[in-house]
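One structure below.
No value in this document is a laboratory result; all are computed from the given coordinates. Note that the coordinates shown come from a computational prediction; the quantities given were computed from them, not determined experimentally. All Cβ positions, glycine included, derive from the backbone under ideal geometry; neighbour counts span all protein chains shown.
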């Protein structure tokens, strides 16, 4: 059995990125497993989650990061965005 690769990610969980196919849609990285970034659309809880390889993502401008909290009883992709002046 092969060992899982989960520690070579370029983008941390919580980073705001976009995909090359749709750069206007902001994505937050929810999880990184086996070289795949699992992302949720920021401000669009009705959209399904997305899965991308690192080469398919556009790096964020500057240092952008959000803290996310999965909420029970709400749409599965909901991201509670906390504004923090030290993160912008």
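Based on other C-beta atoms within 10 Å, arrange 20, 31 from fewest to most.
Values: 20 10, 31 13.
Exposure proxy ranking, most exposed first: 20, 31.
Arranged by the count of other C-beta atoms within 10 angstrom, fewest first, what order do 10, 50 take? Each step should come with its number before you reach the end.
Details: 10 11, 50 19.
Listing 10, 50 from fewest to most nearby Cβ atoms yields 10, 50.
Evaluate the distance, in nm, between pseudo-label points positioned 7 Å from the Cα of residue 5 and of residue 54 along their respective Cα→Cβ axes.
Roughly 0.8 nm, to one decimal.
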